[in-house]
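Q: I'd like to ask some things about the structure below.
The values are calculated or read from the model by the stated rules, or taken from the named source; none is laboratory data. All values derive from a computational prediction rather than experimental measurement. Methodologically, a virtual Cβ is constructed for each residue, glycine included, from the backbone with ideal geometry; neighbour enumeration extends over all protein chains shown.
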Amino acid sequence: MPSPKWLQRMTWEEFKLNLERCDVIIIPVGSTEQHGGHLPLGTDTFVANTLAEGASEQTGAIIAPPVWYGWSPHHMVLPGTVTIRPEILIGLLFDIIEALAHHGAEKFVVINGHRIVNISWMQIACEKAQRVLGIRAAIFDPSYMSKEIVPELEFGPVGHGDEIESSHMLYSYPELYRAEKVLDYIPDYKPLLSADPAFQGDTLCYIPSTIKNMEKSVKVAKGISGSPSRSCKRKGERYHKHLVQRLSEVINNMQEKEE
Ligand SMILES: [Zn+2]
């Protein structure tokens, strides 16, 4: 299996050569925010990175250095969280694409590791990049791309540090998983107020929680919502492989399509 093609490990000559072989660049975007007592602050970025690595091995796509920060105002309730303003995220993502487009890259897949929270800003940056720079961009969102497999794996609803995220971390980064620190917190079910893409009923658009709501999850489970005690390495592996396959398909489709 070839190794993942991280841009920061290449010389400029190797970058040029690799871009000639596969003209799609992956940009992982995550966050630095609390993930309860059992997962590290960098979880969302680690998740984006491991998917990028899997797809890079299969397709040869170059991976740009990850964006380790996202919009996390609601998680400022716990220490270590670093939130950046949406306009900074939009500007940073646009500048990264602009610089790489200057060097000849024309196709980009941006991976969203930060659940629903960063999507709006990624859409704004990618639309502007397509319009102003004439490149093609796609956003790969694990929550939407795993809709088919999540019920089969019997994962509960999307929460935070939940069994989906925890199973994935347990599979890809077992050394970062603090099994002895796992706590569950199931928020009250509120009909018609779900923002989980896999939820079969009415699904609302997402707005970050209020600090008041976050304080409840902090009190009960150190910032978790969901059931990470149900996380499972084997399910994490199936979830991971499904997403790597989907991401590789997206990259291959973009390569074939000359627009
Ligand atoms: Zn997360």
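Q: Could you list, in sequence order, all residues of the range 1-31 that are touching a helix residue (DSSP H, G or I) at 6+ places or on another chain (Cβ under 7 Å) and either outside any loop (DSSP other than H, G, I, E, B) or within 16 Å of the ligand (Cβ to nearest atom) (or both)?
A: Lys5, Leu7, Phe15, Val24, Ile25, Ile26, Ile27, Pro28, Val29, Gly30, Ser31
Q: With the checklist (1) away from the ligand (no atom under 11 Å from the Cβ); (2) assigned to a helix (DSSP H, G or I) in hand, flag the one item Phe46 doesn't pass.
A: (1)
Q: Still on this structure: I'd like the full set of residues that are surrounded by fewer than 23 Cβ atoms within 10 Å (Cβ to Cβ), within 24 Å of His160 (Cα to Cα) and not acidic (Asp, Glu), limited to the range 47-68.
A: Within the range 47-68, Thr50, Gly54, Pro66, Trp68 qualify.
Q: Do we find a residue being in contact (Cβ under 8 Å) with a residue 24 or more places away in the chain and within 13 Å of the ligand (Cβ to nearest atom) anywhere in the range 147-158?
A: Scanning the range 147-158 turns up at least one residue that is in contact (Cβ under 8 Å) with a residue 24 or more places away in the chain and within 13 Å of the ligand (Cβ to nearest atom).
Q: Condition first: aliphatic (A, V, I, L, M) and crowded, with 24+ Cβ neighbours inside 10 Å. Now tell me which residues in the range 28-46 satisfy that. Quick ask: steps written out before the conclusion?
A: First, the residues of the range 28-46 that are aliphatic (A, V, I, L, M): 29, 39, 41.
Correct list: Val29, Leu39.
Q: Follow-up. Among the residues of the range 71-113, how many are away from the ligand (no atom under 15 Å from the Cβ) and outside any helix (DSSP H, G or I)?
A: 11
Q: Check Ile116, Ile124, Ile139 and return the single one that is in contact (Cβ under 8 Å) with a residue 24 or more places away in the chain, in a helix (DSSP H, G or I) and β-branched (Val, Ile, Thr).
A: Only one candidate qualifies: Ile124.
Q: When the residues of the range 230-246 are narrowed to those that are surrounded by 14 or more Cβ atoms within 10 Å (Cβ to Cβ) and closer than 19 Å to His38 by Cα, which ends up farthest from the chain's Cα centre (by Cα)?
A: Per the stated criteria, the residue is Arg230.
Q: Which one of Gly80, Gly37, Gly30 is touching a Lys or Arg at 6+ places or on another chain (Cβ under 9 Å) and closer than 29 Å to Lys181 by Cβ?
A: After ruling out the rest, the residue left standing is Gly37.
Q: Quick one: would you say Gly91 is among the small types (Gly, Ala, Ser), modelled with pLDDT of 95 or more and more than 28 Å from Tyr239 (Cα to Cα)?
A: yes
Q: Can you tell me which residues in the range 189-237 are of a type outside the set (D, E, K, R), farther than 23 Å from Met76 by Cβ, in contact with a Phe, Trp or Tyr (Cβ under 7 Å, 6 or more places away or on another chain) and not in a loop (DSSP other than H, G, I, E, B)?
A: If the condition is that a residue be of a type outside the set (D, E, K, R), farther than 23 Å from Met76 by Cβ, in contact with a Phe, Trp or Tyr (Cβ under 7 Å, 6 or more places away or on another chain) and not in a loop (DSSP other than H, G, I, E, B), then Gly236 is the only one that fits.
Q: If I go through the range 152-211 residue by residue, how many of them are loosely packed, with under 14 Cβ neighbours inside 10 Å, closer than 16 Å to Lys222 by Cα and modelled with pLDDT of 95 or more?
A: So the answer is 4.
Q: Pick out the one residue from Glu249, Glu258 that is surrounded by fewer than 20 Cβ atoms within 10 Å (Cβ to Cβ) and at pLDDT 95 or above.
A: Glu249
Q: So, Leu100, is that one in contact with a helix residue (DSSP H, G or I) (Cβ under 7 Å, 6 or more places away or on another chain), more than 18 Å from Arg246 (Cα to Cα) and crowded, with 17+ Cβ neighbours inside 10 Å or not?
A: On the way: in contact with a helix residue (DSSP H, G or I) (Cβ under 7 Å, 6 or more places away or on another chain): no; more than 18 Å from Arg246 (Cα to Cα): yes; crowded, with 17+ Cβ neighbours inside 10 Å: yes.
No; evaluated as a whole, the condition is false for this residue.
Q: If only one of Ala48, Ala61, Ala101 is in contact (Cβ under 8 Å) with a residue 60 or more places away in the chain and closer than 19 Å to Lys16 by Cα, which one is it?
A: Ala61
Q: Can you confirm whether the range 239-246 contains a residue that is of a type in the set (Val, Ile, Thr) and in a loop (DSSP other than H, G, I, E, B)?
A: No, every residue in the range 239-246 fails to be of a type in the set (Val, Ile, Thr) and in a loop (DSSP other than H, G, I, E, B).
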